[in-house]
């Protein structure tokens, strides 16, 4: 990517992605709005739990947007070579088991925290570990960072299902989760950050994120892959919200400038309510396949209205149609899949 292309703009959107390096380079390219917001933010930034699906590109994007700031990535770093990769981008790394109080307490006390640690998949049969990751670790972080701004990842699954015709839940709706250990532990995570924000007086924000889109995983990857392979697509959960991962990361980092005391929720997602059936048909046109459907659309599902985030940050830069085109090319050319379903279709809360 040329020096002139280091700030995200629609004119630099590719027709497709050659490989993972091309994808991650583009996905971590900051917008001018992010650059400006981080320039106005006082202090350095730590990304806790940065080794997951979104954390790697988020930490890289933040460093590219604010090269003069210290950006610290904290994780177990179980993936071989990840520490070295992040160091090559200028992101400082620290190995930490965040269930260990002493290790969390030893993390440098940077004034800005993006919290990404948590447990979702594999909850069934490991419920106590899920609760520990989603409530005990936030408590340890709340204790360790009483003066820091904290932007913490949450999920739209803290909301109950709503009628598909009513635009979905809004920021101010209370978190009465759907059934399941995972969703309820996430309510606990939000309440824990809210508690410490009240006690310590530090500003914070709980980010209720609805489905981030990458070429290697996510709702679009799952639906596009099913269309390509001729597999039946269950449309019982008939609608979703999605957002390009680069847009989600950018808005989450910018939320550091919009924290409140006590902590408050903020929904981040795309502007559309997307029909799974229509999405599959859109993939079918691009891939030359006829989608196969099973089930029928339920009257309710977990949907959100991200209007407040759009008011704060503007609409996401990458539109849905462009994402569908990119994903169609990716799956048709048999490029890498992480085989990590997001389980958007799950209705019983079991992950």
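The values are calculated or read from the model by the stated rules, or taken from the named source; none is laboratory data. Note that the coordinates shown come from a computational prediction; the quantities given were computed from them, not determined experimentally. Using ideal geometry, Cβ is built from the backbone for each residue, glycine included, and neighbour counts are taken over all protein chains shown.
Side notes on the structure shown:
- Segment 28-60: number of residues that are in a loop (DSSP other than H, G, I, E, B) and farther than 17 Å from residue 110 by Cα: 8
- All conditions but one from (1) out of contact with any helix residue (DSSP H, G or I) (no Cβ under 9 Å at 6 or more places or on another chain); (2) surrounded by fewer than 16 Cβ atoms within 10 Å (Cβ to Cβ); (3) assigned to a helix (DSSP H, G or I) apply to residue 78; the one that does not is (3).
- Test: residue in segment 207-229 that is buried (at least 21 other Cβ atoms within 10 Å of the Cβ), over 28 Å from residue 20 (Cβ atoms) and touching a residue at least 60 places away in the same chain (Cβ under 8 Å): yes
- When the test is whether a residue is within 18 Å of the chain's Cα centre (by Cα) and under 19 Å from residue 308 (Cβ atoms), residue 197 does not pass it.
- Qualifying positions in segment 147-174 - more than 18 Å from the chain's Cα centre (by Cα) and under 12 Å from residue 193 (Cβ atoms): 148, 149
- When we screen 55, 43, 51 for residues that are in contact with a strand residue (DSSP E or B) (Cβ under 8 Å, 6 or more places away or on another chain) and free of Cβ contacts under 8 Å to residues at least 40 places away in the same chain, the only hit is 51.
- Of all residues making up segment 212-239, the number that are within 16 Å of residue 316 (Cα to Cα) and in contact with a strand residue (DSSP E or B) (Cβ under 8 Å, 6 or more places away or on another chain): 2
- Of the residues making up segment 270-285, those that are touching a helix residue (DSSP H, G or I) at 6+ places or on another chain (Cβ under 8 Å) and not in a strand (DSSP E or B) are 270, 271, 272, 276, 279, 280, 282, 283, 284.
- Residue check for residue 334: closer than 17 Å to residue 218 by Cα, assigned to a loop (DSSP other than H, G, I, E, B) and either at pLDDT 95 or above or within 16 Å of the chain's Cα centre (by Cα) (or both): yes
- Residue in segment 121-132 that is in contact with a helix residue (DSSP H, G or I) (Cβ under 6 Å, 6 or more places away or on another chain) and within 22 Å of residue 253 (Cβ to Cβ) present: no
- Listed by first and then second residue, the pairs linking a residue in segment 150-172 that is on the phi > 0 side of the Ramachandran plot and crowded, with 16+ Cβ neighbours inside 10 Å to a residue that is in a strand (DSSP E or B) and at pLDDT 95 or above, with Cβ atoms under 8 Å apart and 6 or more places separating them unless they lie on different chains, are 168/304.
- Residues that are touching a residue at least 12 places away in the same chain (Cβ under 8 Å) and on the phi > 0 side of the Ramachandran plot, drawn from segment 270-306: 295
- The criterion of at least 2 residues that are farther than 24 Å from residue 208 by Cβ is met by the following strands (runs of 3 or more DSSP E) wholly inside segment 85-173: 92-95.
- For segment 304-329, residues that are closer than 21 Å to residue 214 by Cβ and surrounded by 15 or more Cβ atoms within 10 Å (Cβ to Cβ) total 17.
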